[in-house]
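Shown next, in structure tokens, is the structure this report addresses.
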Amino acid sequence: MQKIIKKIMIVTMLSIMLMPFAGILGQSKVSAATTDPALTKIKKKGTLVIGLSADYAPFEFHATVNGRDQIVGFEVDMAKQIAEDLGVKPVIKEMGFDGLIGALQTGKIDVIISGINATPEREQVVDFSEAYLKPLQTIMVLKKDASKYSSNLSSFAGKKIGAQKQTTQETYVQDNMSSSTLVSLQKVPDLVAQLSTGKIAGIVLNEPISKAYTQQNKTFKIIYPKPASGEGAVSVAMPKNSPVLKSKINASITNIVKSGKLAAYQKKANKLMFADQSFWAKYGNLFIKGTLLTLALAAIAVVIGVILGTVFALFKLSPNFILKAIGNIYVEYVRGTPLLVQAFMVFFGTQVIGFNLSAFAAGALAMGLNSAAYVAEIIRSGINSVDNGQNEAARSLGLSKGKAMRYIILPQAVKNILPALGNEFVTVIKEGSVVSVIGVGELMFQTGVVQGASFKPFFPLVITSLIYFVLTFGISRALGYAENRMNKTSR
């Protein structure tokens, strides 16, 4: 009995002694429950980086407000309110829709607010907030062809039906319209362009989008398929395992919806969509901005390409087996893979290894690395075109191999390859359109923005084609002039 009493006394004493530590442990559990890694990162930066694709009016689109180009839309206003509720500043990062989830997974952005739906496949890699919108699926067709189709999906059998890539609309066509041919494109304006010219029979869009297009363009008509099908839950996407961030965003969304702010945001977006301004007053600055970025990309890419191309050309000509192998592997690998893949690899790959490059920097680097492979072959062929007697004469005069290459061979090679290098510069300007997929606001990216905001799928392309022609023609003439001057001075 005495032993039992002794044990009870010991346990009691230990409990009293550990009570202060229990309080500390309890506090740590509470603090752990008030944050998570994603929220901690956002709070530490003081910003909420919001990823979106601004070609989806009235959700998000470009508009000229007070003489300045801005990304607007009801989701943009909602995103700003969520950031305010979190106590941080909003930062909008624009890119192609199909690159958003990858950007979220690699930490390029903190959340996605871009009309994205919570699907089982997406929920495996990201978390979703509660829904703030559940629009119906619709099929937009040409009004003159509307009599051919009905709400019965079988009426579209054998027809081409468009949908945006990696969206619930694409899944809807795959699941419910198997007798139709799916045409998947990255941007809605591109689909609308195909519908306008009769290349496809219809486009599956959610109701706010199709209503916006039919309100602006009376040649379109909406068909509601039966039975009525919802698009799904339009939600905010965030990193996986972010319970505290999710709860705070849910609370913000609940307040936005219940207070009527979301409805007010939608009215504001519709008003901006149909503002009474001339086409150039609305979108001219986008074409100018896109042109300047296209030239900047090309200039940086050519500098990188010429420097690295020269290095790899010399590697390929080196008697050293290792250097020669490195040069050959690089050139063959880069020339054998698409620039689109390389752009994604640089943009996401640099983030994985700890370099948070901007879309512009990643795009310029990808284009430069790609150009280097082609420039290497141009320079190699130029060096080989110089008569070997030039090298022998230089060596006989006492010049080292390096100096002979630098002062005798390379200057003559550059003269021989100038037309080819000029052609590469022109090619780089045109290939810059590829990096729009990672959110670089070059000319083709801005053209897509204008298409989405203006609901004019063809006219912006005409303007863009003329701008590209002026750029490439002007550069070609300038290079031709330089080549003629070099030929005259060498005589």
Practice item. Scan Leu104, Leu86, Leu48, Leu100 and give me the residue that is at pLDDT 50 or above, surrounded by 15 or more Cβ atoms within 10 Å (Cβ to Cβ) and over 25 Å from the mean Cα position of the chain (by Cα). Key: Leu86
Review point. Considering only strands (runs of 3 or more DSSP E) fully contained in segment 156-250, which possess at least 3 residues that are open to solvent by 30 Å² or more (accessible area, probe 1.4 Å) and assigned by the TED database to the domain that holds Gly87?
Key: none
Exercise for review: Please identify the pairs in which a residue from segment 455-470 that is outside the structural domain of Val426 (by the TED database) has its Cβ atom under 8 Å from the Cβ atom of a residue that is open to solvent by less than 30 Å² (accessible area, probe 1.4 Å), counting only partners at least 6 apart or on another chain.
Suggested key: none
Practice item. Assess whether Lys93 counts as being assigned by the TED database to the domain that holds Ile203 and of a type in the set (D, E, K, R). Key: no
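Looking at segment 314-402, what helices (runs of 4 or more DSSP H) fall wholly within it and have at least 2 residues that are surrounded by fewer than 18 Cβ atoms within 10 Å (Cβ to Cβ) and among the hydrophobic types (A, V, I, L, M, F, W, C)?
321-335, 339-352
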Revision key, fill the gap. Those residues of segment 268-285 that are at pLDDT 85 or above and crowded, with 18+ Cβ neighbours inside 10 Å come to a total of 1
Exercise for review: Just name the residue that is nearest to Gly198 (Cα to Cα) out of those in segment 129-148 that are in a loop (DSSP other than H, G, I, E, B) and open to solvent by less than 30 Å² (accessible area, probe 1.4 Å).
Suggested key: Pro135
**Study point:** Identity of the residue in segment 240-267, at pLDDT 90 or above and among the charged types (D, E, K, R), that ends up nearest to Phe74 (Cα to Cα)
**Key:** Lys261
Point to revise | Residue satisfying condition, being among the hydrophobic types (A, V, I, L, M, F, W, C), in contact (Cβ under 8 Å) with a residue 40 or more places away in the chain and under 29 Å from Thr47 (Cβ atoms), within set Val141, Val126, Val192 | key: Val126
Practice item. Among what's in segment 112-128 and is open to solvent by less than 10 Å² (accessible area, probe 1.4 Å) and either assigned to a loop (DSSP other than H, G, I, E, B) or touching a Gly at 6+ places or on another chain (Cβ under 7 Å) (or both), pick the residue that is nearest to Val346 (Cα to Cα). Key: Ile112
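The values are calculated or read from the model by the stated rules, or taken from the named source; none is laboratory data. Bear in mind that the values here come from a model prediction, so they are computed numbers and not experimental data. In this analysis, Cβ positions are derived from the backbone assuming ideal geometry, glycine residues included, and neighbour counts consider all displayed protein chains. These area figures cover heavy atoms from the full protein model, side chains too; ligands, DNA and RNA do not enter into them. Shrake-Rupley method; radii C 1.70, N 1.55, O 1.52, S 1.80 Å.
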